[in-house]
Structures are given as structure tokens and as C-alpha cells.
Amino acid sequence: MQSPPKQIASLPQYPLVNKQIAAERTGLSAETLKRYRLGGLLQKDIHWIAINSRVIRYNIVLVLDWIQNKDTNPQGHINAIERYLESLPSGWQKPRIRRLSNQTKT
């Protein structure tokens, strides 16, 4: 008798969609999405991934969040990216920043 499958913690949904669906949901053309991607406005492995040399998928949740927040709330978008990365099964962890001491040696 098989044991029940282990349950994975509930992850936020970050669906990957093709350029047609991304264009439809964002209201941007597929060409504009490509221009943003190639120009570096949309970041590889954050806003989009390359499955292979011919297949690109967009993280529609983060693309929509970027459109909404890029000008008015960039820190909010950075927070959304961090939540996404933390939700990955690879267990990405935000690097810890070492604080420098205000004390100086004499």
C-alpha cells in the first residue's frame, strides 16, 4: 500500500504564459513585451524565462505588478519579486546584509 503523497506548502500562484496571453492580459503588444524583455526592463528569470532558444514564458503576475508599480511604487515591486523568489522550491533566500559598525579603531 502506497503512502499518500507529501503535500507541498501552499505556494502563491505565478503562472507562466506565452506571449499571446501575456499581451492579452497586459494590453501590450507581443512586440512591446519583446522590446521590454530585450531592453532589460523585464528581467530574465524574474519576469520571463527561456524554456529553450525559441520558447519564452512570462511570469504574468510579476509582469502585471511591474506595469502597475514601476513608476509609482518600485519598492512594492521589489517586495513582490522577493516574495516570488522566496516561494520557489529551490528555497532562495535573501542575502543578509552585514552592517558596518559605527565604531572606528584609533
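The values are calculated or read from the model by the stated rules, or taken from the named source; none is laboratory data. These figures come from a predicted structure and were not determined experimentally. We place every Cβ from the backbone using ideal geometry, glycine too, and count neighbours over all the protein chains shown.
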Open item on the list: For segment 1-19, which positions are at pLDDT 95 or above and either surrounded by fewer than 16 Cβ atoms within 10 Å (Cβ to Cβ) or among the small types (Gly, Ala, Ser) (or both)?
Closed with: Asn18
Task: Selection from segment 20-37 of residues that are of a type in the set (Asp, Glu) and either over 15 Å from Ile56 (Cα atoms) or at pLDDT below 95 (or both) - done: Glu24
Task: Pick from segment 20-37, criterion aliphatic (A, V, I, L, M) and more than 22 Å from Tyr84 (Cα to Cα), ranking: surrounded by the most Cβ atoms within 10 Å (Cβ to Cβ) - done: Leu28
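Residue by residue through segment 66-85, note down the ones that are among the small types (Gly, Ala, Ser) and loosely packed, with under 15 Cβ neighbours inside 10 Å.
Gly76
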- [ ] Would you check if there is a residue in segment 38-51 being of a type outside the set (Val, Ile, Thr), at pLDDT 95 or above and over 15 Å from the mean Cα position of the chain (by Cα)?
- [x] yes
TODO: Determine whether Val63 is closer than 25 Å to Ser90 by Cβ, touching a Ser or Thr at 6+ places or on another chain (Cβ under 8 Å) and surrounded by 16 or more Cβ atoms within 10 Å (Cβ to Cβ).
DONE: yes
